[in-house]
Amino acid sequence: MTARVLIVDDIAANVRLLQAKLEADYYEVLTAQDGRTAIAKAASEQPDIILLDVMMPEIDGYEVCRQLKNNPATQHIPIILITALDGRDDRLSGLEAGADDFLTKPVDDVILMARLQALVRLKQMVDDLRQREASSRRAGLVDNDLLQRQISATGNVLILDDNPRQAERLMLQLGEDHRCAYETDPVNAMKIAGGRVDLVVLNLTAKAFDPLRWVAQLRTNEATRQRPVLAIINADERKIMFKALELGVNDVVPRPVDMQELRARAKTQIRRKRYGDFLRNSLDRSLEMAVTDPLTGLNNRRFLDHQLSMAMARHTTSKDAEADIVSLLMLDIDFFKRVNDTYGHDAGDEVIREFARRLSLNVRAIDMPCRFGGEEFVVLMPGTDQADAAHIAERVRSQVADTPFVLADGRELDVTVSVGVATSRGMGDAPESLLKRADEGVYEAKQSGRNRVIVRSAA
């Protein structure tokens, strides 16, 4: 797996040595010899990962890390701090600054490559989500305040350990920051992990079950594959650690467990998971908005065209054509231009919204009311024959006509609607034909005096 790596170190010999190792493994390498240059390059070059020395003049690695993680343009880039310092406080300072890992010089090449591959794999997944929601951000649909609230929120942590006493001790420590529960049964833990879990803390030294097999199952299950895993390992079991990272464990903490380090690493994993969730939710909201009319909240013409095409395809190929019959209502608010001209466009918008509300309340749960454009609406009615469609159309018409529309300023308006009904019966029928017949029904209703339902049968 190749990636672009930014190496930051004020000692040129260190940079050259690390660069040679990475380029031998086909990584693309960028370099910087001070903190300010590193911050600028990270923003402009968007590397996949940053290897950052701690001890540098002017701005040390901790401060560079904080600035990068506080900048929306670079906060998603994983950072590995590399330093000659090996004290507990140094590791905690790095993790609390937002670093994703902390390696001590001289760097173990195998461990470095394993951590690089794990973090790059995760970064590439996040990049895919970021690219897909980029249009939402350009359109102003991404709420950065909401993002900060979500990624800093208390997390839900599941601890899987065959040692209840150790699990309770972990839960006590992590419970100061998060909502925690523990399981000793891997089957139950897998079920729980499919729910609202932000982090799994897994004891890789468990004897009652195979922790690596459990990780493999977690990653193959669609409902759980995005759950981050923080594994507790024996520091001397390098082979197990490499296999765990290869299978998809996100981070490791050695035994004996330093509880503050565990809490710092858990916080990093939960923030990253929440960030990914935010991107996915933003994408979902963007897709929803693409098929939603902003004024009424109903689905729009794009949604209707797609759903109508699928419904008609089912009808024309079904062995049970009666069950898959499709009906359509087209509704046009009478004299709507007069409303806009007399009361203003704000009043017109109020009428549109109230009409959409009444329409939604008077069709069935399986029906799909959509705003077709302007004052025109369409209701797609799968599995509905002509008689039932006409009955529902009449109910909508009367609910609109019988009760005046009340504007925000208290004025009342009498509103009526003309409705055309069309039902697909023939095997050769097409979506355009169904829409055309419903539209012809509306035209006939208008010509006949408005405020009425006209059924147009298939020829």
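Step by step: first the residues of segment 398-447, then only those that are part of a helix (DSSP H, G or I) and open to solvent by 80 Å² or more (accessible area, probe 1.4 Å), then the one that is farthest from Glu354 (Cα to Cα). Which residue is that? It would help to see each step written out before you state the result.
Initial filter on segment 398-447 (part of a helix (DSSP H, G or I)): 398-401, 431-447.
Adding the requirement that they be open to solvent by 80 Å² or more (accessible area, probe 1.4 Å) leaves 399, 432, 436, 443, 447.
Numbers: Gln399: 11, Glu432: 28, Lys436: 26, Tyr443: 23, Gln447: 25 Å.
The qualifying residue farthest from Glu354 (Cα to Cα) is Glu432.
Looking at (1) open to solvent by 30 Å² or more (accessible area, probe 1.4 Å); (2) touching a residue at least 12 places away in the same chain (Cβ under 8 Å), which one does Leu359 not meet, given that it meets all the others?
(1)
Among Asp388, Asp409, Asp349, which is under 25 Å from Ala290 (Cα atoms), over 31 Å from the mean Cα position of the chain (by Cα) and in the same structural domain as Gly449 (by the TED database)? Walk me through how you get there before you give the answer.
Numbers: Asp388 fails: under 25 Å from Ala290 (Cα atoms); Asp409 fails: under 25 Å from Ala290 (Cα atoms).
Being under 25 Å from Ala290 (Cα atoms), over 31 Å from the mean Cα position of the chain (by Cα) and in the same structural domain as Gly449 (by the TED database) holds for just one of Asp388, Asp409, Asp349, which is Asp349.
Just the residues that are among the hydrophobic types (A, V, I, L, M, F, W, C), part of a helix (DSSP H, G or I) and open to solvent by 20 Å² or more (accessible area, probe 1.4 Å), please, taken from segment 87-113. Full working, then the answer.
Filtering segment 87-113 down to residues among the hydrophobic types (A, V, I, L, M, F, W, C) leaves 92, 95, 97, 99, 102-103, 107, 110-113.
With the extra rule that they be part of a helix (DSSP H, G or I), the set shrinks to 92, 95, 110-113.
The answer is Val110, Ile111, Met113.
Assess whether Val8 counts as being in contact with a Ser or Thr (Cβ under 6 Å, 6 or more places away or on another chain), without any contact (Cβ under 8 Å) to a residue 60 or more places away in the chain and β-branched (Val, Ile, Thr).
On the way: in contact with a Ser or Thr (Cβ under 6 Å, 6 or more places away or on another chain): no; without any contact (Cβ under 8 Å) to a residue 60 or more places away in the chain: yes; β-branched (Val, Ile, Thr): yes.
Considered against the rule, which asks whether it is in contact with a Ser or Thr (Cβ under 6 Å, 6 or more places away or on another chain), without any contact (Cβ under 8 Å) to a residue 60 or more places away in the chain and β-branched (Val, Ile, Thr), Val8 comes out as no.
Condition check ((1) modelled with pLDDT of 90 or more; (2) in contact with a Pro (Cβ under 9 Å, 6 or more places away or on another chain); (3) open to solvent by 20 Å² or more (accessible area, probe 1.4 Å); (4) not in a helix (DSSP H, G or I)) across all residues:
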position	(1), (2), (3), (4)
Leu141	no, no, yes, yes
Leu146	no, no, yes, no
Leu158	yes, no, no, yes
Asp162	yes, yes, yes, yes
Met171	yes, no, yes, no
Ala181	yes, no, yes, yes
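So that you can scan it fast, the table gives a plain yes or no per residue for (1) aliphatic (A, V, I, L, M); (2) in the same structural domain as Pro164 (by the TED database); (3) open to solvent by less than 60 Å² (accessible area, probe 1.4 Å); (4) closer than 26 Å to Gly98 by Cβ:
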position	(1), (2), (3), (4)
Ile192	yes, yes, no, no
Asp210	no, yes, no, no
Gln217	no, yes, no, no
Glu222	no, yes, no, no
Ile232	yes, yes, yes, yes
Glu246	no, yes, no, yes
Val249	yes, yes, yes, yes
Val252	yes, yes, yes, yes
Arg255	no, yes, no, yes
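Kindly indicate which of Arg364, Arg338, Arg302, Arg371 is touching a residue at least 12 places away in the same chain (Cβ under 8 Å), of a type outside the set (A, V, I, L, M, F, W, C), part of a helix (DSSP H, G or I) and open to solvent by 40 Å² or more (accessible area, probe 1.4 Å). Break it down into steps so the answer makes sense when it comes.
Working: Arg364 fails: part of a helix (DSSP H, G or I); Arg338 fails: touching a residue at least 12 places away in the same chain (Cβ under 8 Å); Arg371 fails: part of a helix (DSSP H, G or I).
Only one candidate passes the filter, namely Arg302.
With aliphatic (A, V, I, L, M) and either touching an Asp or Glu at 6+ places or on another chain (Cβ under 9 Å) or on the phi > 0 side of the Ramachandran plot (or both) as the only criterion, which of Val54, Val110 stands out? Walk me through how you get there before you give the answer.
Working: Val110 fails: either touching an Asp or Glu at 6+ places or on another chain (Cβ under 9 Å) or on the phi > 0 side of the Ramachandran plot (or both).
That would be Val54, the only listed residue that is aliphatic (A, V, I, L, M) and either touching an Asp or Glu at 6+ places or on another chain (Cβ under 9 Å) or on the phi > 0 side of the Ramachandran plot (or both).
Which residues, taken from segment 58-81, are in contact (Cβ under 8 Å) with a residue 40 or more places away in the chain, surrounded by 18 or more Cβ atoms within 10 Å (Cβ to Cβ) and closer than 19 Å to Gln46 by Cβ?
Val64, His76, Ile77, Pro78
Go through (1) part of a helix (DSSP H, G or I); (2) under 14 Å from Val453 (Cβ atoms); (3) in contact with a strand residue (DSSP E or B) (Cβ under 8 Å, 6 or more places away or on another chain) one by one and return the number of the condition Val351 breaks.
Of (1) part of a helix (DSSP H, G or I); (2) under 14 Å from Val453 (Cβ atoms); (3) in contact with a strand residue (DSSP E or B) (Cβ under 8 Å, 6 or more places away or on another chain), only one is false for Val351: (2).
Out of Ala24, Ala32, report the one residue that is free of Cβ contacts under 8 Å to residues at least 24 places away in the same chain, more than 24 Å from Glu237 (Cβ to Cβ) and either surrounded by fewer than 18 Cβ atoms within 10 Å (Cβ to Cβ) or out of contact with any His (no Cβ under 6 Å at 6 or more places or on another chain) (or both).
Only one candidate qualifies: Ala24.
Between Leu359, Leu380, which is at pLDDT 95 or above, under 37 Å from the mean Cα position of the chain (by Cα) and part of a helix (DSSP H, G or I)? Write out each step before concluding.
Working: Leu380 fails: part of a helix (DSSP H, G or I).
Going through Leu359, Leu380 in turn, just one is at pLDDT 95 or above, under 37 Å from the mean Cα position of the chain (by Cα) and part of a helix (DSSP H, G or I): Leu359.
Tally up the residues in segment 194-203 that are buried (at least 19 other Cβ atoms within 10 Å of the Cβ) and of a type outside the set (A, V, I, L, M, F, W, C), please.
Within segment 194-203, residues that are buried (at least 19 other Cβ atoms within 10 Å of the Cβ) and of a type outside the set (A, V, I, L, M, F, W, C) number 2.
If you take the residues in segment 280-322 that are of a type in the set (A, V, I, L, M, F, W, C) and over 29 Å from Ile352 (Cα atoms), which one is modelled with the lowest pLDDT? If you could, list the steps in order and put the result at the bottom.
As a first pass, look at segment 280-322 and keep what is of a type in the set (A, V, I, L, M, F, W, C): 283, 287, 289-291, 295, 298, 303-304, 308, 310-313, 321.
Imposing the further condition that a residue be over 29 Å from Ile352 (Cα atoms) reduces the set to 313, 321.
Values: Ala313: 84, Ala321: 54.
For segment 280-322, the residue satisfying everything is Ala321.
The values are calculated or read from the model by the stated rules, or taken from the named source; none is laboratory data. None of the values given here were measured: they were computed from a predicted structure. Quick reminder, even Gly has a Cβ in these numbers, built from the backbone with ideal geometry, and neighbours come from all protein chains shown. Just so you know, the surface numbers come from the protein's heavy atoms only, side chains and all, with ligands and any DNA or RNA stripped out. Shrake-Rupley method; radii C 1.70, N 1.55, O 1.52, S 1.80 Å.
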